[in-house]
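Scroll down for the structure; my scribbles are underneath it.
All of the numbers you see were taken from the coordinates with simple rules; none came from a lab. Since the model is a prediction, treat every value here as computed from it, not as a measurement. Heads up, the Cβs are rebuilt from the backbone with ideal geometry, glycines too, and the neighbour counts pull from every protein chain shown.
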């Protein structure tokens, strides 16, 4: 290969012949990068709040005290986040982390629909329906 086929980062220009494909790759990589950073930061903030509020309290393992499931009541989680509940903030971060791959599959599906690539539309739709099925049956 001739050196003129490479851009300033050493990547082959022919790999991204389609500008839309390159934009999609950039969008997905940024989604993954910043989504994971946001999710981890949210969990970290919830963990720090937990340690600040309850870190020094002794734990009594003889009695189990159940907590309301905020996953079954999204309004409870949102209101908990707004008042600064560390449980709700940690769960929000975990839900963000779970949502990132789902959004990536949806973006890929929309791109394949735009390109009218029936094979990849079918495969991505199956993957998305598998993800949705696993969440619906888990609740």
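Find how many whole Å separate the alpha carbon centroid of region 24-88 from the alpha carbon centroid of region 99-139.
If you average the Cα positions of each part, the centres end up 26 Å apart.
Would you mind ranking 104, 62 so that the residue whose beta carbon has the fewest other beta carbons within 10 Å leads the list?
Ranking 104, 62 by Cβ neighbours within 10 Å, fewest first, gives 62, 104.
What is region 88-138 by shape, rounded, prolate or oblate, if you read a ≥ b ≥ c off the alpha carbon gyration tensor as root eigenvalues and call it rounded for a/c under 1.5, prolate for a/b larger than b/c, and oblate otherwise?
Details: a/c = 5.11, a/b = 1.99, b/c = 2.56.
Since a/c reaches 1.5 but b/c is at least a/b, the shape of region 88-138 is classed as oblate.
Below 8 Å between Cα atoms, with a sequence gap of 6+, how large is the relative contact order for region 28-107 in percent?
Dividing the mean separation by the residue count of region 28-107 yields 53 percent.
Neighbour counts of other C-beta atoms within 10 Å: give me 136, 36 arranged from fewest to most.
The order, fewest Cβ neighbours first, is 136, 36.
With 10 angstrom as the radius, rank 137, 122, 111 by how many other C-beta atoms surround their C-beta, starting from the fewest.
With the fewest neighbours first, 137, 122, 111 line up as 137, 122, 111.
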